[in-house]
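Participant: Right, I'll just put the structure down here and ask away after.
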Amino acid sequence: MNIIIVGAGIGGLTAALCLEKSGHQVTLIEKANQLSEAGAGLQCGANAVRVFQYLGLNDDLERWAVKPERVEFRQWKTGDDLYSVELGEGYQRKYGAPYYHLHRADIQKVLVDAVRSKANIELLMGRHFERFDETDDFVVAHLSDGCALAADMLVGSDGIKSAVRKQLLGDTTPRYTGNVAWRAVLPTEKLPSNFMDTVVTNFVGPKKHMVLYYLRNKKMLNIVGVVEQKRLNYEVPSKSESWVEKGAWSDLKRDFYNWHPMIGTVIDAVDRDHCYRWELYDHKPFSNWSSKKVTLLGDAAHSTLPFMASGAAMAIEDARILQRAIDHKASEHKADIENGLLCYQRNRISRTARIQNTSRKFGTLYHIQHPLLLKAAFAGLRLMRGKKEDFLPEYDANTVLLN
């Protein structure tokens, strides 16, 4: 088939490679003139890494990856241990694939290099998708330069403000969640030696939390801080939910004033001109995201708060299941696109909705105000550990049965 994918983010690039592997011709439409190094760290569990292994990309990613030993949750001021989840070699033995920390730009580079090596994938940069026309036989993507591209199928992987979704589902304006996120990346040479073990450290406290973890063979530290902020009273006003918008370092310092000394050390080491802040938006889970020839993928279909570090992983899973669903509903001579897209949607909607809903709940957990209630909540989480922790990594998009 000829397939158009709108959006060359992590999900769109992965989908292009998966669909090309099944023999399809793919055209990727990306509005950016170039794919820059914007972004910061991503956490990729076994569920995402297995898809990269299927695509033969794991060796390239391994060169950049950090494999954390565990996730630690600590009290915001004292640093007291509240809860931990083991990762490392035990995690890899249990789930058959490692847990990676990767810079978004490194994943993007590996995916883009792979895309550009495929004769059956065309990457069109600096092209703005405007709308589509759909018939029983084909779909046409109209671009802002007047170009019209016909294909058998179209995939909207164009993010939370998806133009494809707007036409497909109508008014689906994302909602502001009352949370603002800070992010920054800094060289570890700016930090004291042995600053932190090879772990994810999540400091949680009243109406905010901050996560720290290493990137690029521990040469960089990734920082993500989330603050409940109903009224935006920052020195540099926010213009949008863009995660490449700069924020004032003084506001970051104020938001985490008097937190644990590790947090103060990190904030003091951040480059004043390279800290970023964006408002967090999401949608309630949709009950449908496909038509006969058009579907959605990643944040366009199921935008997710970052409290489970699974937004990118869900898009990566989507890509593999979309490919398998299309192949599953194809006869020897003809693809049944409509039923393929329904199969894809049916096999993704409940899982992604669960991630969306659970992420919101974790946001509430991380921001409990009273210290005794915070300890009690994590003690309860400790009692429930087991299958709930398996829900994310045990999912194998390569082999899970499609219904």
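Just so it is clear, none of the values below were taken in a lab; they were calculated from the coordinates. Computed from a predicted model, the values in this text were never measured in an experiment. Virtual Cβ from ideal backbone geometry, glycine too; neighbours counted across all protein chains shown.
Participant: What list of ³J(HN,Hα) values in whole Hz, one per residue of the stretch 248-257 in order, does the Karplus curve 6.51 cos²θ - 1.76 cosθ + 1.60 (θ = phi - 60°) give from phi, with Gly and Pro shown as x?
Facilitator: In residue order, the calculated couplings are 7, 4, 4, 5, 4, 4, 5, 4, 10, 4 Hz.
Participant: Still on this model: List the extent of the Cα atoms of the stretch 269-396 along each of their three principal axes, largest first, rounded to whole Å.
Facilitator: Its Cα atoms span 63, 43, 25 Å along the three principal axes.
Participant: Continuing with the same structure: Per residue and in cubic angstrom, what volume does the convex hull of the Cα atoms of the stretch 88-167 have?
Facilitator: Taking the convex hull of the Cα positions in the stretch 88-167, it is 179 Å³ per residue.
Participant: Determine which residues of the stretch 259-295 fall in the zone a paramagnetic label at K190 would reach in this model, i.e. backbone nitrogen under 19 Å from the point 7 Å along Cα→Cβ.
Facilitator: 259-278
Participant: Mind pulling the per residue volume of the convex hull built on the Cα atoms of the stretch 245-295? Å³ is fine.
Facilitator: 141 Å³
Participant: Could you pull out every residue, at least 5 positions away or on a different chain, whose amide H is within less than 5 Å of the one on L87? Hs are placed 1.01 Å off N in the peptide plane, and Pro or chain starts have none.
Facilitator: Excluding prolines and chain starts, which carry no amide H, the hits are R70, V71.
Participant: Determine the dipole magnitude for the chain: charges of +1 sit on the beta-carbon of Lys and Arg, -1 on that of Asp and Glu, nothing else is charged, the reference point is the Cα centre, and the result goes in debye to the nearest 20.
Facilitator: Computed about the Cα centre, the dipole is about 1180 debye.
Participant: Given only helices, namely DSSP H runs of n ≥ 4 each adding -39500 (n - 2.57), what is the per-residue ellipticity at 222 nm of the chain, to the nearest 500 deg cm²/dmol?
Facilitator: The helix contribution divided over the chain gives -10000 deg cm²/dmol.
Participant: Can you list the lysines whose alpha carbon is less than 19 Å from that of K190, not counting same-chain residues fewer than 8 positions off?
Facilitator: Result set, ordered by chain and number: K218, K219, K253.
Participant: Peptides 111-120, 20-29: what's the order by average Cβ count within 10 Å, highest mean first?
Facilitator: Result, highest mean first: 20-29, 111-120.
Participant: Sticking with this one: Note the angle between two axes, namely the Cα long axis of helix 349-366 and the longest principal axis of the Cα atoms of the chain, as a number of degrees from 0 to 90, rounded to the nearest 10.
Facilitator: 10 degrees
Participant: Within the stretch 145-189, find all residues whose amide N lies under 11 Å from a label point positioned 7 Å from the Cα of R131 along Cα-to-beta-carbon.
Facilitator: Residues passing the 11 Å test: 167.
Participant: What is the Rg over Rh value, at two decimals, for the stretch 1-62, using alpha-carbon atoms and the Kirkwood definition of Rh?
Facilitator: Expressed as Rg/Rh, it is 0.99.
Participant: Normalised radius of gyration for the stretch 178-320, please: alpha carbon Rg relative to 2.2 N^0.38 Å, two decimal places.
Facilitator: 1.17
Participant: Residue by residue, what Karplus-based ³J(HN,Hα) values in Hz, rounded to whole numbers, does the stretch 205-219 have, using 6.51, -1.76 and 1.60 with θ = phi - 60° and x for Gly and Pro?
Facilitator: Each residue's phi maps through the Karplus curve to give x, x, 6, 6, 8, 9, 10, 10, 7, 7, 10, 6, 6, 6, 7 Hz.
Participant: Which lysines, if any, have their Cα less than 24 Å from the Cα of K329, not counting same-chain residues under 8 positions apart?
Facilitator: Partners found: K21, K292, K293.
Participant: Now for a different question. Report the charge-dipole magnitude of the stretch 115-233 in Debye, nearest 20, computed about the Cα centre from +1 at each Lys and Arg Cβ and -1 at each Asp and Glu Cβ.
Facilitator: The calculation lands at about 1040 debye.
Participant: Please report, to two decimal places, log10 I(q)/I(0) for the chain at q = 0.11 Å⁻¹ as given by the Debye formula with identical point scatterers on the Cα atoms and no solvent.
Facilitator: Evaluating at q = 0.11 Å⁻¹ gives log10 I(q)/I(0) of -0.80.
Participant: Quick one: what do you get for the stretch 40-100 if you divide its Cα Rg by 2.2 N^0.38 Å?
Facilitator: 1.31
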